[in-house]
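Accompanying notes for the structure given below.
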Amino acid sequence: MKIHEFYRGTANINLNGSIAALVPAIVIAVGNLYYFQNNQIMFLTIPFVVYSFISFQIYLFRMNQSISIGRNMSHAESHYQNIFEARHLVVVFMNHQEPSLHLFFPDGHQAGMIKKYRQKGFHLFKKPIIYALYNSLNQAIGYFKIKHLTIEVYDQNKRYIGCFEKEKVSWLKKRKEIIDESGRYIGSVEGSTTYMDERVLNQSQQQVGRLRRGWMPVEWSGRFPEPNTPILSLAETLSEKDKLLRMSFLINEYFIER
């Protein structure tokens with residue numbers, strides 16, 4: 001999937017919402033016409049009609065974005081081979097019935113997606129909440145299991161590789177640390193409480209990753225028209241396992257704290 005196809009998909013969601021909102025408005029109008037014939041009842045259709053109109057305008061806006069981006073996109077295949085190869089990833093959050101986090105390469109091709117993992121089999125007690133990182137072929141290449149204030153990370157073979165730990169220091173401040181599979185501290189996550197700028201640090205307090213808004217390179221604007229779309233950056237020196245482990249803070253950022 002490419003970014004213009006993603007925008008087309010979001011446009012269709014808004015179109016469906018626009019059509020769905022008209023159904024109760026039509027039912028109320030027809031019911032009132034045939035049974036009640038009360039002008040006051042017609043006011044009940046206003047919220048549905050307004051919502052339908054707004055959703056349709058969003059649909060038109062997203063479709064125009066999709067068409068414009070499609071013109072700027074190259075028809076060639078992406079030169080990136082896998083999600084861990086890119087220095088930067090564009091992050092787009094979809095907060096619908098099943099929230100998902102879409103990751104795109106700078107060239108506009110989809111790198112992967114994070115969404116809730118559908119667990120198989122019978123569980124006697126409550127199932128743990130697990131999110132999975134999928135590549136562009138929809139293959140799970142990492143797992144994030146939520147355990148209260150800890151997010152355990154597993155590789156594609158479901159081997160434990162470490163965790164993200166969160167500890168409440170004060171009413172407004174929390175300590176966020178990254179621990180490897182042996183229990184050794186290897187870094188932390190620090191950020192602002194007022195705007196998105198999360199910095200991933202190693203044990204020497206050197207920055208090895210960052211998630212921030214408002215840093216959209218000009219050369220990307222033809223493919224990503226919204227300049228406040230977050231950008232995830234990870235150091236090239238990190239191994240694939242290290243990148244997967246540090247991406248655990250995305251689960252906390254988008255699926256827990258939001």
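The values are calculated or read from the model by the stated rules, or taken from the named source; none is laboratory data. Computed from a predicted model, the values in this text were never measured in an experiment. Backbone-built Cβ (ideal geometry, glycine too); neighbour counts: all protein chains shown. These area figures cover heavy atoms from the full protein model, side chains too; ligands, DNA and RNA do not enter into them. Shrake-Rupley method; radii C 1.70, N 1.55, O 1.52, S 1.80 Å.
When all protein chains stay in place and ligands, DNA and RNA are ignored, the 1.4 Å accessible-area order of ASP180, ASP242, largest first, is ASP242, ASP180. In the chain, excluding the sites themselves, the longest stretch lacking any of the chymotrypsin sites (Phe, Trp or Tyr not before Pro) that are in a DSSP loop with at most 10 other Cβ atoms within 10 Å is 1-121. Ordered from highest to lowest accessible area with the whole protein assembly present and a 1.4 Å probe, SER68, SER182, SER18 read as SER182, SER68, SER18. For GLU167, project a label point 7 Å along Cα to C-beta. Then give me every residue of the range 180-205 with its amide nitrogen under 12 Å of that point. Backbone N within reach: 185. Here the range 33-66 is scanned for amide nitrogen atoms under 20 Å from the site 7 Å beyond the Cα of HIS96 along Cα-to-Cβ, giving 51-66.
Between LYS147 and TYR80, the FRET efficiency estimated from the beta carbon spacing at R0 = 45 angstrom works out to 0.85. Report the far tail of the P(r) of the range 1-144, meaning the percent of Cα-Cα pairs longer than 28 Å. So the portion of pairs separated by more than 28 Å is 43 percent. Could you tell me which residue out of GLN207, HIS79, GLY142 lies farthest along the dipole of the chain toward its positive end? Charges go on the beta carbon: Lys and Arg +1, Asp and Glu -1, centred on the Cα centre. The one lying farthest along the dipole's positive direction is GLY142.
Straight-distance candidates among the aspartates and glutamates for linking to LYS166, with alpha-carbon spacing under 12 Å and chain neighbours fewer than 8 residues away dropped: GLU152, GLU177, GLU190, GLU253, GLU257. The modelled label-to-label distance between GLN139 and ARG175, using points 7 Å beyond Cα along the C-beta direction, is 4.0 nm. Only Lys, Arg, Asp and Glu carry charge here, each on its Cβ (+1 for the first two, -1 for the last two); on that basis the range 49-144 has a dipole of about 460 debye about its Cα centre. Using only Cα coordinates, the Kirkwood hydrodynamic radius of the range 106-223 works out to 16.7 Å.
Taking only the C-alpha atoms of the chain, the Rg (one decimal) and the largest Cα-Cα distance, Dmax (whole number), read 22.1, 75 Å. Spin-label model, ARG184 to VAL27: label points 7 Å out along the Cα-to-beta-carbon direction sit 6.2 nm apart.
Taking a sphere under 13 Å around the Cβ of PRO217 and counting the other residues whose Cβ falls inside, with K and R at +1 and D and E at -1, yields a net charge of +1. The charge dipole of the range 1-120, taken about its Cα centre with unit charges on the Cβ of Lys, Arg, Asp and Glu (plus for the first two, minus for the last two), comes to roughly 200 debye. Per residue, the accessible area of the chain comes to 59 Å², computed with a 1.4 Å probe over protein heavy atoms only.
The GNM of the chain, with springs linking C-alpha atoms under 10 angstrom apart, assigns the highest mean-square fluctuation among LEU44, LEU201, LEU89 to LEU44. Amide H contacts under 5 Å for VAL208: VAL200, LEU201, ASN202, restricted to partners 5 or more places along the chain or on a different chain, H placed in the peptide plane at 1.01 Å from N. Placing +1 on each Lys and Arg Cβ and -1 on each Asp and Glu Cβ, with no other charges, gives the chain a dipole about its Cα centre of roughly 600 debye. Tell me, what is the percent relative contact order of the chain, built from C-alpha pairs under 8 Å that lie six or more residues apart? Relative contact order here is 15 percent.
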